[in-house]
1. Give 106, 114, 86 a once-over and let me know the one that is open to solvent by 40 Å² or more (accessible area, probe 1.4 Å), farther than 20 Å from residue 143 by Cβ and at pLDDT 90 or above.
2. Scan region 297-308 and give yes if some residue there is at pLDDT below 90, touching a Lys or Arg at 6+ places or on another chain (Cβ under 7 Å) and over 15 Å from residue 221 (Cβ atoms), otherwise no.
3. What is the one condition in (1) at pLDDT 85 or above; (2) open to solvent by less than 10 Å² (accessible area, probe 1.4 Å) that residue 320 does not satisfy?
4. Looking only at region 171-189, filter to residues that are under 21 Å from residue 262 (Cα atoms) and of a type in the set (S, T, N, Q); which one of those is modelled with the lowest pLDDT?
5. Can you name the residue in region 208-248 that is among the hydrophobic types (A, V, I, L, M, F, W, C) and within 33 Å of the chain's Cα centre (by Cα) and is also nearest to residue 182 (Cα to Cα) among such residues?
6. Any idea which residue in region 273-296 is modelled with the highest pLDDT, counting only those that are within 36 Å of the chain's Cα centre (by Cα) and of a type in the set (D, E, K, R)?
7. State the number of residues belonging to region 33-78 that are of a type in the set (D, E, K, R), assigned to a helix (DSSP H, G or I) and either more than 18 Å from residue 132 (Cα to Cα) or at pLDDT 90 or above (or both).
8. Among 297, 233, 217, which is touching a residue at least 24 places away in the same chain (Cβ under 8 Å) and touching a His at 6+ places or on another chain (Cβ under 9 Å)?
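The values are calculated or read from the model by the stated rules, or taken from the named source; none is laboratory data. Since this is a predicted model, take the numbers as computed values, not measurements. All Cβ positions, glycine included, derive from the backbone under ideal geometry; neighbour counts span all protein chains shown. Calculation scope for accessible area: heavy atoms of the full protein, side chains included, ligands and nucleic acids excluded. Shrake-Rupley method; radii C 1.70, N 1.55, O 1.52, S 1.80 Å.
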Amino acid sequence: MKFPFFTGKHLVAFLHIAAWTVLFFVPVYLFSVDFERDSIILARIYLRSFVFLLIFYVNFFFLIPRLLFKQKSLYYYICAALLVVTLYLANEVVNRKYLLPEQFRTEMRREFRTGPKHPYRLDIYNFIFTSILISGFSIGLRMAGRYSENEKKRKEMEKEMLNSELAFLKNQVSPHFFFNTLNNIYSLVEINTDDAQKAILQLSKMMRYLLYETTQETVSLSKEIGFMKNYIELMKLRLSSKVDLKVQLPDDYKDCSIPPLLFIPFIENAFKHGISYRDKSFIHIAMQVSHDTIEFECSNSLAMGVEKSLEEKHGIGLENVKKRLGLLYPERHELDVTKTENSFDIKLKLNIENNKA
């Protein structure tokens, strides 16, 4: 079970309160307070603890952010030293005037005149040393908090840059897709008017998906598979009997959310480079979906002259998908691209364990 209160600023406040509460209650266990002298010592300890608390929070909330973090180190050290001296003197005044009965004050004055002076010097040294430790601790906490805030801002900026880059890459996919599809329809117009009309109707359905569905960061896997099926049906209109087309897309699976247009560039690349009108060629497309993974495979033959075009990097869509996978699924995907003399194979495995439909 998660407790929202114990997170962020609430957690920090709780830790501060807990730490000082423990600090103030520890003396109770060290003294029996059965005797008057014990109660006086206990009161002096509480006063000293309260002084240290002031040193900590004056540093934490005022001196460090307003001086040290604004490159005014000299002013910070001067103000911190004045704070320690002022609070030490105030602590001594309160101790001697209000916390010590007259008999103890008389006894302390007699001990100060006749006894060794080093116990009082030791008290001053102890106060200064403890004040330095507390000031240093407040600086450390402030710097840690500042680093955490800067890290949070950095991650937010990275997220904004990621979203901008993803939007740019996704917007590149659509024009590239339309360019290739319209070229295919143009070639069909002269060959078969009926098939061209069917292709235009099929394209209108796909355009509706591209215009209204892909504006979101994610779409359902079922819609993406439907889009892939429509695209393949559109491409089949111009295939000859020499092309061995095998498509195995799942019909029964648990739906989930994925980034739009993630698989279509691979399929588009296969139809663009895997079809030969003179020789036998093939395109094999398969997908398997389990509860935590998507496995996608796309293989195609390579027509004559394709190797040169691949070397010239005309596959904009393929390059975009590689970048998107790196941005959207870091450490959560495996992409194997194998090119031989006669074939081009893609194997993609996505970890979708945290994806929700």
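1. Within the list 106, 114, 86, the selection yields 86.
2. Within region 297-308, not a single residue is at pLDDT below 90, touching a Lys or Arg at 6+ places or on another chain (Cβ under 7 Å) and over 15 Å from residue 221 (Cβ atoms).
3. Of everything listed in (1) at pLDDT 85 or above; (2) open to solvent by less than 10 Å² (accessible area, probe 1.4 Å), residue 320 misses just condition (1).
4. 172
5. The selected residue is 210.
6. The selected residue is 295.
7. Total meeting the criteria: 6.
8. Just one listed residue meets the conditions, 297.
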